[in-house]
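Only one structure is covered here, and it is reproduced in the block below.
The values are calculated or read from the model by the stated rules, or taken from the named source; none is laboratory data. Only a predicted model underlies this, so the values are computations on that prediction, with no experimental measurement involved. Cβ placement follows ideal geometry from the backbone for every residue including glycine, while neighbour counts extend to all protein chains displayed. We work out accessible area using only protein heavy atoms, side chains counted, and drop any ligands, DNA or RNA first. Shrake-Rupley method; radii C 1.70, N 1.55, O 1.52, S 1.80 Å.
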Amino acid sequence: MDDVKQKARLLELRHIIDELSYQYYTLDKPTVTDYEYDMMYRELETIEKAHPEWVTPDSPTQRVGSKISGGFEKYTHDQPMLSLGDVFNDAELMEFDQRVRNDLGGEALEYVVELKIDGLAVNLIYEYGQFVRGVTRGDGRVGEDITNNVRTIRTIPLRIDNDSPHIEIRGEVYMPIESFAQLNAQRRDDELEPFANPRNAAAGSLRQLDPRITAQRKLAFFAYALGGNVGVEIHSQEELLADLKAFRFQVNPEYCKCKTMEEVIAYIHSWDEKRDTLPYATDGMVVKVNSFSQQERLGNTVKIPRWAIAYKFPPEQAKTKVLGISVS
Ligand SMILES: NC(=O)c1cnc(OC2CCCC2)nc1N
């Protein structure tokens, strides 16, 4: 095959493989067999090996780089990554609601309630649509550059359909419970200390100096915020989640738009038991004022937003099933 045809086939294979990966990893709806996928992936690798000058960082073959020496570089986020204030009961949620309504002079508002994924907050930076950097939250202002490890996470697109020179997508890197169970079984076989919980396992996997190890840990990512409204026409959290999904990020589908705090509380408690059936760990729910203009008017303290709060689930009681009844 001559170079023109080879290059055309390379671009076609990249597009097909990106599509198949999105269906397999992000939508969890594979449309071809693993064998068909592997054959196309191998063909792409063969062409790239014959023409290394055609390889670009957003090729699906470039997800797993090589070990870095030394530690991780520091990186200062364009917009600080806020953490969340915590509440532990309904009364404190009502107090939060009162404060928000007072500060907004009693005008109508809506809340968006999301599951609080128990992972690590990470900042993804895209320039002209290309994934260029992944950074831990760190102290909210300065984090660690873990780009090579983030690149191995299959639910993070290496390219998005957005041409802004700099856009920051924030979300949670997490380890699905199935991956966590497999990893700990392997560690026990290798007589290694098992990880205490999926969050620690995700943190340990992201801090590997060798991305080949990170790539084996089957991490995933739920997107939920932008770093500052970078000129994109988005007016609410609900719209933002829809846009992130359109960018082909995995967005957690379990969210609810509520008009009153009573509705928020009902939705939160609908997860008290159900959350144990989820394929990922959660440690609460995040309640956000939906409107971005109202968020801006409410503002932030140094570290936490005044327009959002984390409701923390009570710690999992050590439940043991005895004779089919649950004792704690
Ligand atoms: N762990 C989560 O699932 C989660 C964490 N944080 C946020 O929102 C940030 C964005 C701005 C203030 C808090 N949303 C979430 N769903």
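Taking first residues from the range 248-275 that are closer than 30 Å to Leu124 by Cα and touching a residue at least 24 places away in the same chain (Cβ under 8 Å) and partners that are open to solvent by 70 Å² or more (accessible area, probe 1.4 Å) and within 16 Å of the ligand (Cβ to nearest atom), the Cβ contacts under 8 Å between residues at least 6 apart in sequence or on separate chains come to Val251/Lys245.
Sub-7 Å Cβ pairs linking a first residue in the range 192-210 that is free of Cβ contacts under 8 Å to residues at least 12 places away in the same chain to a second residue that is part of a loop (DSSP other than H, G, I, E, B) and open to solvent by less than 50 Å² (accessible area, probe 1.4 Å), at least 6 apart or interchain, are Gly204/Phe195, ordered by first then second residue. Looking at the range 131-212, the helices (runs of 4 or more DSSP H) lying wholly inside it that each contain 2 or more residues that are more than 19 Å from the chain's Cα centre (by Cα) and of a type in the set (A, V, I, L, M) sit at 177-189. Return the residue satisfying two criteria in turn: it lies in the range 109-130 and is open to solvent by less than 10 Å² (accessible area, probe 1.4 Å) and not in a strand (DSSP E or B), and of such residues it is farthest from the ligand (Cβ to nearest atom). Checked the range 109-130; the qualifying residue farthest from the ligand (Cβ to nearest atom) is Gly129. Inspection of the range 197-210 finds a residue satisfying the criterion of being out of contact with any Leu (no Cβ under 7 Å at 6 or more places or on another chain), of a type in the set (D, E, K, R) and open to solvent by less than 50 Å² (accessible area, probe 1.4 Å). For the range 145-154, taking the residues that are out of contact with any Pro (no Cβ under 8 Å at 6 or more places or on another chain) and crowded, with 22+ Cβ neighbours inside 10 Å, the one that is nearest to His77 (Cα to Cα) is identified as Ile146. Taking the criterion of being within 30 Å of Gly284 (Cα to Cα) and within 16 Å of the ligand (Cβ to nearest atom), would at least one residue in the range 71-78 satisfy it? The answer is yes; a qualifying residue exists. Considering the range 247-328, the qualifying strands (runs of 3 or more DSSP E), each wholly inside and each with 2 or more residues that are more than 11 Å from the ligand (Cβ to nearest atom) and at pLDDT below 95, run over 320-322, 325-327.
Conditions (1) open to solvent by less than 30 Å² (accessible area, probe 1.4 Å); (2) among the aliphatic types (A, V, I, L, M), marked per residue:
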{"site": "Glu233", "(1), (2)": "no, no"}
{"site": "Leu240", "(1), (2)": "yes, yes"}
{"site": "Ala246", "(1), (2)": "no, yes"}
{"site": "Val264", "(1), (2)": "yes, yes"}
{"site": "Asp272", "(1), (2)": "no, no"}
{"site": "Gln295", "(1), (2)": "yes, no"}
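The set of residues in the range 83-92 being more than 16 Å from the ligand (Cβ to nearest atom) and surrounded by 13 or more Cβ atoms within 10 Å (Cβ to Cβ) consists of Phe88, Asp90, Glu92.
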